[in-house]
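The values are calculated or read from the model by the stated rules, or taken from the named source; none is laboratory data. Since the model is a prediction, treat every value here as computed from it, not as a measurement. Cβ: placed from backbone, ideal geometry, glycine included. Neighbour counts: every protein chain shown. The accessibility values were calculated without ligands, DNA or RNA, using every heavy atom of the protein model including side chains. Shrake-Rupley method; radii C 1.70, N 1.55, O 1.52, S 1.80 Å.
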Amino acid sequence: GTTAEARSLDNVANQLAGVVTKEWQDQATERRLIDPEQIPVRWVRSSLPVAGLISAASGSKRLPPRFLPLPGLAEARGTRLRKGQLQDLHAVYGGLRSGRLVIVGAPGSGKTSAAILLVLAALKHREQVPEEDRQLVPVPVMFTLQGWDPSTQRVEDWLAARLKETYPGLFAGRRGAAEAARLVEAGKIAVILDGLDEIPRELRPVALRALSEQANFRIVVLARSTEMVAAARQNFLAGAAALELQDVDASTAAEYLTQVQRKPAPPGWRELTDRLSGAPHSPIAEALSSPLGLTLVRDTYRAYDDARELLDFCDASGRGAAQNDIVDHLLDRVLPAAYDPRPGGKDRSPYDCQRAERALRYIAAQMKQDGTRDLTWWSISRWTSIVPRAITTGL
C-alpha cells in the first residue's frame, strides 16, 4: 500500500545517506577539510546581478513558503543572510523558504570545498534529528552539471540517471532506476550542483531556467562569479539567495599558515607570515588570498624550512614576482608533491612524475585546442592519428 511504499522509500533514503556520508567524508579527509585548522573562508550576500530580490528567497508572510525550515532550524532571514562563515551555510540552506541558494566566487575561492562541508553538515543534521523527523530532512547529493543538456532532458530525469550511475550498488536494475526516480519526485533528496561554468556557455542560462521551472527539491548551484553573471543576463535561478565567497585577508592567511606549521616555526615560515602581515597588498599576499593558494603552500612546502624557496622565487627578479607568477610557481609544485611517496606505499602509482607530466601537458594542450575545460573520454580518440585511433576503437 501507500504507507508501505513510503516507508520503503524512506529506507532507501537512509541507505543513500549512509553511502553519501562515506563518500564525502573520504573526500573531506583527502582534501584536509576537517583538520582542526581550517582555512577561515567567509561569505557575504552577493551584490552581483545573479539573483532576484532577497525577499523572493527568504519569503513573504503573504505567500506560502515553498519549503518549511528543516526540523531544528529557524527561518533564514535578515542578518542571517548578510554574511557568515562556512559553518553558517547549513543554517541558510536549511532555513530558506524558497529552498534555493546560489554560491559564487572567484577561481580558487573554495566553492567545491564549501559544498563538501555543506553536504556533510546537512547529513550530520539529518542523523541528529529525532527519528520521527528524519523523513522530513532530504538527503543531500552533490553532482557536477557536466553531461546535462537541459534543452533536451528534464532535470528530474537527469538526476535520477545520475543517482543510478553514481550509486550503482544502491540503484541497480529497473527497480533501482524506479526508486531513484521516486526519490527525486518525492523531494527526498536535496541537490548541490557544482560547476555551472563547466557546461557549454550557451547551455548555462537554459540550465538556470530549467532549474527555476522544474526543481521541486532544495537546490544549491555553485559557479564562478564571472560565468554566473554572464548566464544570469538571460536567465537566473528564480527565488534563490546569492552568496559570494570572499578573499582571505593577509593577516588571516598569516595566522592560518602559522597554525599549520610546527612550533616554533622555521625562520623562512616566520619571514613568510611576517611579509603577509606587513604588506597586505603585496603580490605574495594577493597570491595567497584564496584557499587554493594557501592550500598549495601548505601541501607542497613540507620540509623543515623549504618556504625559503618561495621567498627566493618572489625576490628573484629585481622588481619581484607578480601575483600570477607566484600562483603559477605554486601550481608547478603540485605534481611533484602528488607523486611524492606516501607512508606505507599507499596509492603508489605505476608511473613516475615525468611520465605523468608529459601526459598531462599533452592532455592540457589538446583541451586548450578544443576550447574546453571538460575532459571527456570519448574525445580522446580524436587526438590521435588514424592508425592508433583505429586500434584504440577496436580495443
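Write out, first by first residue and then by second, each pair whose Cβ atoms fall under 7 Å of each other, whose residues are 6+ apart or on separate chains, and whose first residue, in segment 200-212, is basic (Lys, Arg) while the second is open to solvent by less than 60 Å² (accessible area, probe 1.4 Å) and assigned to a helix (DSSP H, G or I).
Qualifying pairs under 7 Å: Arg204/Leu196; Arg204/Glu227; Arg204/Ala231.
Got a sec? Which of Tyr351, Tyr362 is open to solvent by 40 Å² or more (accessible area, probe 1.4 Å), over 26 Å from Pro264 (Cα atoms), at pLDDT 80 or above and among the hydroxyl-bearing types (Ser, Thr, Tyr)? Show your work before the answer.
Numbers: Tyr351 fails: at pLDDT 80 or above.
Exactly one residue qualifies, and that residue is Tyr362.
Which residues, taken from segment 148-203, are in contact with a strand residue (DSSP E or B) (Cβ under 9 Å, 6 or more places away or on another chain), in a loop (DSSP other than H, G, I, E, B) and either small (Gly, Ala, Ser) or on the phi > 0 side of the Ramachandran plot (or both)?
Within segment 148-203, just Gly195 meets the criteria.
Report every pair of residues separated by at least 6 positions or lying on different chains whose Cβ atoms are under 6 Å apart, first residue within segment 115-136 and in a loop (DSSP other than H, G, I, E, B), second of a type in the set (Asp, Glu).
From residues that are in a loop (DSSP other than H, G, I, E, B), the pairs are Gln135/Asp10.
Of the residues that sit in segment 8-44 and are of a type in the set (S, T, N, Q) and closer than 12 Å to Ile116 by Cα, which one is surrounded by the most Cβ atoms within 10 Å (Cβ to Cβ)?
Quick first cut of segment 8-44, residues of a type in the set (S, T, N, Q) only: 8, 11, 14-15, 21, 25, 27, 29, 38.
Narrowing the set further to residues that are closer than 12 Å to Ile116 by Cα leaves 21, 25, 27, 29.
On the way: Thr21: 18, Gln25: 16, Gln27: 16, Thr29: 11.
Looking at residues that are of a type in the set (S, T, N, Q) and closer than 12 Å to Ile116 by Cα, I get Thr21.
Among the residues of segment 292-310 satisfying the criterion of being hydrophobic (A, V, I, L, M, F, W, C) and crowded, with 16+ Cβ neighbours inside 10 Å, which is modelled with the lowest pLDDT?
Ala307
Which ones in segment 262-286 are of a type in the set (Gly, Ala, Ser) and either at pLDDT 95 or above or assigned to a helix (DSSP H, G or I) (or both)?
Gly268, Ser277, Gly278, Ala285
Could you identify the single residue in Gln135, Gln146 that is open to solvent by 10 Å² or more (accessible area, probe 1.4 Å), modelled with pLDDT under 95 and under 16 Å from the mean Cα position of the chain (by Cα)?
Numbers: Gln135 fails: under 16 Å from the mean Cα position of the chain (by Cα).
Among Gln135, Gln146, only Gln146 is open to solvent by 10 Å² or more (accessible area, probe 1.4 Å), modelled with pLDDT under 95 and under 16 Å from the mean Cα position of the chain (by Cα).
Of Arg45, Arg100, Arg77, Arg126, which residue is among the basic types (Lys, Arg) and modelled with pLDDT under 95? Write out each step before concluding.
Working: Arg45 fails: modelled with pLDDT under 95; Arg100 fails: modelled with pLDDT under 95; Arg126 fails: modelled with pLDDT under 95.
Going through Arg45, Arg100, Arg77, Arg126 in turn, just one is among the basic types (Lys, Arg) and modelled with pLDDT under 95: Arg77.
Take Ser277 and tell me if it is surrounded by fewer than 20 Cβ atoms within 10 Å (Cβ to Cβ) and among the hydroxyl-bearing types (Ser, Thr, Tyr). I'd like the intermediate steps shown before the answer.
Working: surrounded by fewer than 20 Cβ atoms within 10 Å (Cβ to Cβ): yes; among the hydroxyl-bearing types (Ser, Thr, Tyr): yes.
Here the answer is yes, as Ser277 does meet what is asked.
What's the total number of residues in segment 169-181 that are surrounded by fewer than 17 Cβ atoms within 10 Å (Cβ to Cβ) and not small (Gly, Ala, Ser)?
Filtering segment 169-181 for residues surrounded by fewer than 17 Cβ atoms within 10 Å (Cβ to Cβ) gives 169, 172-175, 177-178.
Narrowing further to those that are not small (Gly, Ala, Ser): 174-175.
Residues in segment 169-181 being surrounded by fewer than 17 Cβ atoms within 10 Å (Cβ to Cβ) and not small (Gly, Ala, Ser): 2 in total.
Consider segment 223-261. How many of its residues are within 30 Å of Tyr304 (Cβ to Cβ), in a helix (DSSP H, G or I) and among the hydrophobic types (A, V, I, L, M, F, W, C)?
The number of residues fulfilling the criteria is 4.
Looking at Gln246, Gln234, which one is modelled with pLDDT of 95 or more and more than 27 Å from Gly94 (Cβ to Cβ)?
When all the criteria are applied, what remains is Gln234.
Looking at segment 164-192 only, could you name the residues that are touching a Leu at 6+ places or on another chain (Cβ under 9 Å), in contact (Cβ under 8 Å) with a residue 60 or more places away in the chain and under 21 Å from Phe67 (Cβ atoms)?
Selection gives Arg182, Leu183, Ala186, Lys188, Ile189, Ile192.
Being open to solvent by 60 Å² or more (accessible area, probe 1.4 Å) and among the charged types (D, E, K, R), is that true of even one residue in segment 98-106?
No, because not a single residue in segment 98-106 is open to solvent by 60 Å² or more (accessible area, probe 1.4 Å) and among the charged types (D, E, K, R).
For Ser289, are the conditions met, namely being outside any helix (DSSP H, G or I) and modelled with pLDDT of 90 or more? Quick ask: steps written out before the conclusion?
Working: outside any helix (DSSP H, G or I): yes; modelled with pLDDT of 90 or more: yes.
In short, yes.
Can you tell me how many residues within segment 189-209 are in contact with a Lys or Arg (Cβ under 8 Å, 6 or more places away or on another chain) and open to solvent by 10 Å² or more (accessible area, probe 1.4 Å)?
Taking segment 189-209 first, the residues in contact with a Lys or Arg (Cβ under 8 Å, 6 or more places away or on another chain) are 190-191, 194, 196-198, 205.
When the remaining residues are screened for being open to solvent by 10 Å² or more (accessible area, probe 1.4 Å), the result is 194, 197-198.
So the answer is 3.
Regarding segment 56-66, can at least one residue be identified that is outside any helix (DSSP H, G or I) and touching a residue at least 60 places away in the same chain (Cβ under 8 Å)? Explain how you work it out, then say what you get.
Applying the first criterion (outside any helix (DSSP H, G or I)) to segment 56-66 yields 59-66.
Subset that is touching a residue at least 60 places away in the same chain (Cβ under 8 Å): 66.
Yes, there is a match, as at least one residue in segment 56-66 is outside any helix (DSSP H, G or I) and touching a residue at least 60 places away in the same chain (Cβ under 8 Å).
May I ask you to list the residues in segment 72-103 that are among the hydrophobic types (A, V, I, L, M, F, W, C) and not in a loop (DSSP other than H, G, I, E, B)? Outline the logic, then answer.
The initial filter retains those residues of segment 72-103 that are among the hydrophobic types (A, V, I, L, M, F, W, C), namely 73-74, 76, 81, 86, 89, 91-92, 96, 101-103.
Correct list: Leu81, Leu86, Leu89, Ala91, Val92, Leu101, Val102, Ile103.
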